[in-house]
Amino acid sequence: MQSNHSNLHQPHSVWLCFDTRDARDCTAEIERLSRVTSTPVFTPHVTLLGDLFGAPRETMQVCRAFASGLQLLDLEIKGLVRGETFFMSHFLDLRVPDEICHLRDAIAKALSISTPGVFRPHLSLAYGATAALPEPPGRLLLNGQGGPRCLRVSSLVVAASSSGVPIERWTVLYEMLMGK
């Protein structure tokens, strides 16, 4: 996907996105919670670097160089967390391979930005949810043998998103498949 304005400086983020099956399962849960809480629906993702401001095309070029050298990666779900902040109010806490942390640092360095503070990999299921929410279906959290489920990351994405952009307007600008 591509924006007609991707050469303009605008807020954007770098996301990790999931393979088709995992994206479908996570989207279904985000939509279910949206119906219960009236929270916005969004593309399931893990924010690698957020609140960037610059030309998304430049960020895409950096990400494309890294994506081609990456293999598909599995992120283990550690548990469901209900947090106190808007962007971390209801999320899946994730255990990620070291490659993800190194990738985050390398992309930040290539973009000539400081790596933001502590990285807590997570997959939000609802933003700004303050009420008690129903538990997600077990299949979202557990694998078929009852152990923790892993979500497969298959792409790096540059998205028109930031904390200052309404969630309803978040859009994927570029998607780069890993290993391609």
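The values are calculated or read from the model by the stated rules, or taken from the named source; none is laboratory data. Just so we're clear, the structure is a prediction, and the values are computed from it rather than from any experiment. Because the Cβ atoms are built from the backbone with ideal geometry, glycine has one as well, and the counts that use them run over all protein chains shown. Protein only, heavy atoms only, side chains kept; ligands, DNA and RNA dropped before computing areas. Shrake-Rupley method; radii C 1.70, N 1.55, O 1.52, S 1.80 Å.
Compute the FRET efficiency between Asp19 and Ala65 as 1/(1 + (r/R0)^6), taking r as their Cβ-Cβ distance and R0 = 25 Å, and round to the nearest 0.05.
0.70
Where does region 37-93 land on the Kirkwood hydrodynamic radius, alpha-carbon pairs, in angstrom?
After inverting the mean inverse Cα-Cα distance, the result is 14.4 Å.
Ignoring any ligand, DNA or RNA, what whole percent of the accessible area of the chain comes from carbon and sulfur when the probe is 1.4 angstrom? Walk me through the numbers before you get to the answer.
Values: 4690 of 9060 Å².
Exposed carbon and sulfur together represent 52 percent of the surface.
Multiply the residue separation of His102 and Leu72 by 0.36 nm, subtract the distance between their alpha-carbon atoms, and state the gained length in nm to one decimal.
On the way: separation 30, 0.36 × 30 = 10.80 nm, distance 1.51 nm.
That works out to 9.3 nm of additional length.
Once R0 is set to 25 Å, what does the formula 1/(1 + (r/R0)^6) return for the Cβ-Cβ distance between Lys180 and His9, expressed as a FRET efficiency to the nearest 0.05?
On the way: r = 28 Å, r/R0 = 1.11.
The calculated FRET efficiency here is 0.35.
As an exercise, use a Förster radius of 25 Å and the Cβ-Cβ distance of Val81 and Ala55 to find the FRET efficiency, rounded to the nearest 0.05.
Rounded to the nearest 0.05, the efficiency is 0.15.
Net charge near Leu16, counting Lys/Arg +1 and Asp/Glu -1 over other residues with Cβ under 12 Å of its Cβ?
Here the count lands on -3.
Could you order the peptides 111-124, 32-45 from most to least packed, using the average number of other C-beta atoms within 10 Å per residue?
Details: 111-124: 13.9, 32-45: 16.9.
Highest to lowest by the protection proxy: 32-45, 111-124.
Taking all pairs of distinct Cα atoms, average 1/r, flip it, and tell me the Kirkwood hydrodynamic radius of the chain in Å to one decimal place.
Details: mean 1/r = 0.0602 Å⁻¹.
It works out to 16.6 Å.
Grab the DSSP H runs of the chain that are 4 residues or longer, score each as -39,500 (n - 2.57), total them, divide by all residues and round the 222 nm result to the nearest 500 deg cm²/dmol.
-8000 deg cm²/dmol
Tally Lys/Arg at +1 and Asp/Glu at -1 over every other residue whose Cβ is under 14 Å from the Cβ of Glu175; what's the total? Spell out each step's value before the answer.
Details: positive: Arg57, Arg64, Lys180; negative: Asp19.
After counting each charged neighbour, the total is +2.
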